[in-house]
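Notes follow the structure.
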Amino acid sequence: MDQVLKRKDAPKESTWNAESLFESWDEWQTELESITDAIPALSNFTGKLGESPTYLADWFDAYFALIRRLRPVGIYIGMATSVDTNDTTAKANMGRAMGVFAKFSATTAFADPEMLTAGDTLLQWAEQE
């Protein structure tokens, strides 16, 4: 029967290239903290998405900029927890990441209802562009 290698014993070329996302846990943690600090600024858009097309465009820019930063954070931690489900560091960091994702979701939850409420206005703006 074939013996299953532990990840640390697997040849480097047979493993995920996690370093293409973050060089180290420290770099990952720094990005997670930076994203955490940036999330509250999104709440500045609350109640204002229907004010102007420029303001709405600024919202989308800010929203998607953070999404683009959250993706590699999630992929990196997903790879780490998938490789070794007993890795307590990875599990703890997964919990931290999930907390940040939840904070992002809670902070941006206003957007869809606001845009639905401003529906006709948004359609008029789209037709003008």
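Just one of the listed residues (Leu56, Leu21, Leu70) is touching a residue at least 24 places away in the same chain (Cβ under 8 Å) and within 30 Å of Gln124 (Cα to Cα), namely Leu56. Please work out if Trp16 is of a type in the set (Phe, Trp, Tyr) and assigned to a helix (DSSP H, G or I). So Trp16 fails the test.
The listed residues are Ala92, Ala102, Ala111, and the only one of them that is farther than 30 Å from Arg7 by Cβ and either touching a Pro at 6+ places or on another chain (Cβ under 6 Å) or modelled with pLDDT of 95 or more (or both) turns out to be Ala111.
Per-residue answers, yes or no, for (1) of a type in the set (A, V, I, L, M); (2) in a helix (DSSP H, G or I); (3) touching a Pro at 6+ places or on another chain (Cβ under 9 Å):
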{"residue": "Gln29", "(1), (2), (3)": "no, yes, no"}
{"residue": "Ile39", "(1), (2), (3)": "yes, yes, no"}
{"residue": "Lys48", "(1), (2), (3)": "no, no, no"}
{"residue": "Asp61", "(1), (2), (3)": "no, yes, no"}
{"residue": "Arg68", "(1), (2), (3)": "no, yes, no"}
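Are any of the residues in segment 84-103 farther than 26 Å from Lys8 by Cα and buried (at least 17 other Cβ atoms within 10 Å of the Cβ)? Checking segment 84-103: at least one residue is farther than 26 Å from Lys8 by Cα and buried (at least 17 other Cβ atoms within 10 Å of the Cβ).
The values are calculated or read from the model by the stated rules, or taken from the named source; none is laboratory data. Everything quoted here is computed from the prediction, not taken from an experiment. Glycine also receives a Cβ, built like all others from the backbone with ideal geometry; neighbour counts cover every protein chain displayed.
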